[in-house]
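Q: So that we are looking at the same thing, I have put the structure below in structure tokens.
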Amino acid sequence: MVCIKKRFFNPSRLLMLPFGLWLDEETIFTRFQATVLCSLLISSILFQLSRLFIADCNFDFVVRIFSSATFYAMLTIPPILFWTRMKTMKYFFDQLQYIYDRLKDRNEIAIYDKYGYIAKQFTIILIILLVCCLFGNSVIVYWPYIFDIIIPKNESYAIHTMQFVTKYFKVSEKYYFLVVVHLNAACTTGLIVLAGTGTICFSYTQHICGMFEIASYRIEQAMTTELLYNFDIKNRIVISRKMIFAIDIQRQAMQFAKHFVTSIEGALFIMVLTTVLCVSCNLTQVFLIQSLAEKMEETILHLSAVGFILTTMFLTSYAGQEITDHSNHLYVITYNVSWYLAPLHIQKMILLLLQRSNKIFTLSVGGLFTGSLECFATLVSASVSYFTFMFSMQ
């Protein structure tokens, strides 16, 4: 028996296992790992928000803190979600394994494998990009301290970093290095876990697309010209069977998708609000900087955050759009087959499929947001609108 965890999810396992969030049996040690991770991320948010009550605040400082704190909040939501929904995520794995084990046709297995390998290749590419980004980030953050040790001089290389951190968060120079290490560690671990949870969710959506594709394949095989023109008892049984199997796997795909979204609906809703607020605050902070040339590091920092969040939002929306497109493709395939040559009871089955597929199938979050490229455009528009409002308040 083929284990889909080992076949398609091993790259995601590499990202999740060090933090105790991989979907194996929970132990005391894995709980400790997950607790340390979540504590690190939550403490980074609390530290940043605490500056609003300790330091002297103005509008620029409030926007600056929220632009950073909301970014860390976006990194904190996925690990907490997986930690609290561990049994549910294991159940989804078991469902995918159950569906895979029931496939007997080689072409259907090939379709399922194709979408699994698409998700696996996406995960590998993302891991390579993540390693490059984290390496570059570590070099940028820590090279001044390394140079101070290797090539010491009268003026410290890290003095510019110290001035930037103390002014950005209004902390004492005495504690600035602890702040740098704390926030950089939280950001690094948060990005790794976000990549792990994101690729697992993307793999789920790809397997759902595979189920819809298998349903389309079964309909095409059931309504071939050879079977319809030689309609004897044997072919009648074959057609009925294949249509039933097609309807069954379509039902499984829709149920799996709805159950998956329902189980993470609350976290997704908070995630959407957080990302919109984060994009708005970072854009506002960029336009509040009076001299972009003199504060190039801060400008690049905020623009990088905006670019990263928009990319994440686009990939999430694209995954939802893929499911909708595959559901619509099933409707087109069903409509275009030679259903009029089939007997009445087969036409009734096809009518059931058409009625079910006629309504556009979307992944909805709280009835407000749907996984689609249109929704992505709406969220970007909302982010720009809130940015305009905040900038006008200055």
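The values are calculated or read from the model by the stated rules, or taken from the named source; none is laboratory data. Please read these numbers as outputs of a predicted model, since none were measured by experiment. Glycine also receives a Cβ, built like all others from the backbone with ideal geometry; neighbour counts cover every protein chain displayed. Areas reflect the complete protein model, heavy atoms only, side chains present, ligands, DNA and RNA absent. Shrake-Rupley method; radii C 1.70, N 1.55, O 1.52, S 1.80 Å.
Q: Explain nothing, just the number: relative contact order of region 30-127, from Cα pairs under 8 Å at least 6 residues apart, as a whole percent.
A: Numbers: 29 pairs, mean separation 25.0, N = 98.
Value for region 30-127: 26 percent.
Q: Next question, about the same structure. How much accessible surface does Lys242 have with a 1.4 Å probe, in Å² rounded to 10?
A: Approximately 70 Å² for this residue.
Q: So what is the orientation-averaged projected area of the chain, using the convex hull of its C-alpha atoms, in nm²?
A: Numbers: hull surface 94.1 nm².
The number I arrive at for the chain is 23.5 nm².
Q: May I pose another question? Using amide H atoms built in the peptide plane, which far-off residues or other-chain residues are under 5 Å from Phe369 H to H?
A: Amide H neighbours of Phe369: none.
Q: In addition: Nearest 10 degrees, 0 to 90: what angle lies between the long axis of helix 344-358 and the longest principal axis of the chain (Cα atoms)?
A: That works out to roughly 10 degrees.
Q: Working out 0.36 nm times the residue gap between Leu288 and Ile125, then minus their Cα-Cα distance, what length gain in nm do you get to one decimal?
A: On the way: separation 163, 0.36 × 163 = 58.68 nm, distance 3.55 nm.
Result: 55.1 nm gained on full extension.
Q: Same structure again: Cross-link list Lys87/Lys359; Lys90/Lys348; Lys5/Lys258; Lys6/Lys258; Lys174/Lys295: which exceed 30 angstrom alpha carbon to alpha carbon? Can you show the working numbers first?
A: On the way: Lys87/Lys359 32 Å; Lys90/Lys348 37 Å; Lys5/Lys258 22 Å; Lys6/Lys258 25 Å; Lys174/Lys295 23 Å.
Result: Lys87/Lys359; Lys90/Lys348 exceed 30 Å.
Q: Tell me, what HN-Hα J-couplings in whole Hz come from the Karplus equation 6.51 cos²θ - 1.76 cosθ + 1.60 at θ = phi - 60° for each residue of region 111-116, using x for Gly and Pro?
A: 5, 4, 5, 4, 6, x
Q: Relative to the present Cα-Cα distance, how much length would full extension add between Ser338 and Tyr98 at 0.36 nm per residue of separation?
A: Working: separation 240, 0.36 × 240 = 86.40 nm, distance 3.18 nm.
My answer for the length gained is 83.2 nm.
Q: Report, in deg cm²/dmol and to the nearest 500, the calculated mean residue ellipticity at 222 nm for the chain, where each DSSP H run with n ≥ 4 adds -39500 (n - 2.57) and the sum is divided by the residue count. Before the final figure, lay out the partial values.
A: Numbers: 14 runs with 322 residues, N = 394.
Value at 222 nm, helices only: -28500 deg cm²/dmol.
Q: Test of understanding: in a Gaussian network model of the chain with alpha carbons linked when under 10 Å, which of Met162, Met89, Met313 would top the mean-square fluctuation ranking?
A: Met162
Q: Given a 1.4 Å probe, how much area per residue of the chain is accessible, in Å²? Before the final figure, lay out the partial values.
A: Numbers: 20170 Å² over 394 residues.
Per-residue accessible area for the chain comes out at 51 Å².
Q: Of the accessible area of region 10-134, with the probe set at 1.4 angstrom, what percent is carbon plus sulfur? Provide the component values of the computation, followed by the final result.
A: Numbers: 4210 of 6330 Å².
Answer for region 10-134: carbon and sulfur cover 66 percent of the accessible area.
Q: Here's something else I'd like to know. Could you work out which residue, out of Phe164, Phe361, Phe369, moves most in a Gaussian network model of the chain, that is, has the largest mean-square fluctuation with Cα springs under 10 Å?
A: Comparing Phe164, Phe361, Phe369 in a Gaussian network model of the chain, the most mobile one is Phe164.
Q: Show me the ranking of peptides 46-59, 269-282, 197-210, 102-115 by mean Cβ neighbours inside 10 Å, starting with the highest.
A: Working: 46-59: 12.9, 269-282: 21.3, 197-210: 23.2, 102-115: 15.4.
With the highest mean Cβ count within 10 Å placed first, the list reads 197-210, 269-282, 102-115, 46-59.
Q: Sticking with this structure for a sec: To the nearest 0.05, what FRET efficiency results for Ile28 and Ser138 with a Förster distance of 30 Å applied to their C-beta separation? Each step should come with its number before you reach the end.
A: Values: r = 31 Å, r/R0 = 1.03.
Here the calculated transfer efficiency is 0.45.
Q: A further question follows. Using a cut-off of 18 Å between alpha-carbon atoms, which lysines can reach Lys234, once sequence neighbours fewer than 8 places away in the same chain are excluded?
A: By straight Cα distance, Lys234 reaches Lys242.
Q: Region 112-129 to region 361-394: how many Å between their Cα centroids?
A: 28 Å
Q: Alpha carbon centre of region 45-79 versus region 159-197: separation in Å?
A: 12 Å
Q: Once you keep just the Cα pairs under 8 angstrom separated by 6 or more residues, what percentage relative contact order results for region 252-340?
A: Numbers: 20 pairs, mean separation 20.6, N = 89.
Worked out over region 252-340, it gives 23 percent.
Q: Let me ask something else. Using only alpha carbon pairs under 8 Å that are at least six residues apart, calculate the relative contact order of region 4-393 and give it in whole percent. It would help to have the intermediate numbers written out before the result.
A: Values: 397 pairs, mean separation 83.1, N = 390.
The value is 21 percent.
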